[in-house]
Amino acid sequence: MAVTNYIHDLLYRYECVILPGFGAFITQQHSAQIDHSSNEFFPPKKTVSFNRQLIKNDGLLANYLVEAEKVSYQEALEIISQFVQDLEVVLEENKRIDLPNIGSFRI
């Protein structure tokens with residue numbers, strides 16, 4: 001399973017998921033709403049923002065990879081590091097990165 005899918009899974013359970021060396025995905029809960037003028041109901045939702053300043057490994061993603069992929073912690077860190085390097089290469093080429101069910105990046 002791709003690192004993107006693991007980030008997605010963790011964002012359902014946690015408010016912050018750090019991608020070491022790249023940044024942090026931060027979720028915010030929004031309550032259900034009713035638009036009285038149109039009589040529409042909007043269910044609760046989460047929005048995702050990104051903070052490039054939070055890059056220090058907190059172990060959450062790596063430990064999740066250890067459990068999911070049945071690899072050592074060091075191997076999980078290497079998988080994450082390679083994923084971050086791949087993201088950086090794409091961004092350096094001024095391309096857009098789409099992380100399914102999370103969002104997209106571009107410089």
Fill in the blank from the handout: Among the residues of region 45-70, the number that are free of Cβ contacts under 8 Å to residues at least 40 places away in the same chain, crowded, with 16+ Cβ neighbours inside 10 Å and under 21 Å from Asn101 (Cβ atoms) is 1
Problem - Flag if Ala62 is in a helix (DSSP H, G or I) and either within 18 Å of the chain's Cα centre (by Cα) or not β-branched (Val, Ile, Thr) (or both) - result: yes
Fill in the blank from the handout: Exception for Leu87 within (1) surrounded by fewer than 17 Cβ atoms within 10 Å (Cβ to Cβ); (2) of a type in the set (A, V, I, L, M); (3) within 16 Å of Gly103 (Cα to Cα) falls at (1)
Practice task
Report yes if Ser81 is of a type in the set (S, T, N, Q) and loosely packed, with under 11 Cβ neighbours inside 10 Å, otherwise no.
Solution key: no
Exercise for the section: Consider only pairs whose beta carbons are under 8 Å apart and that are at least six residues apart or on different chains; among these, list those whose first residue lies in region 81-96 and is hydroxyl-bearing (Ser, Thr, Tyr) and whose second residue is open to solvent by less than 100 Å² (accessible area, probe 1.4 Å). Expected result: Ser81/Pro20; Ser81/Gly21
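The values are calculated or read from the model by the stated rules, or taken from the named source; none is laboratory data. The structure presented is a predicted model; accordingly, all values stated were derived computationally and were not measured. All Cβ positions, glycine included, derive from the backbone under ideal geometry; neighbour counts span all protein chains shown. Surface accessibility is based on the protein's heavy atoms, side chains included, excluding ligands, DNA and RNA. Shrake-Rupley method; radii C 1.70, N 1.55, O 1.52, S 1.80 Å.
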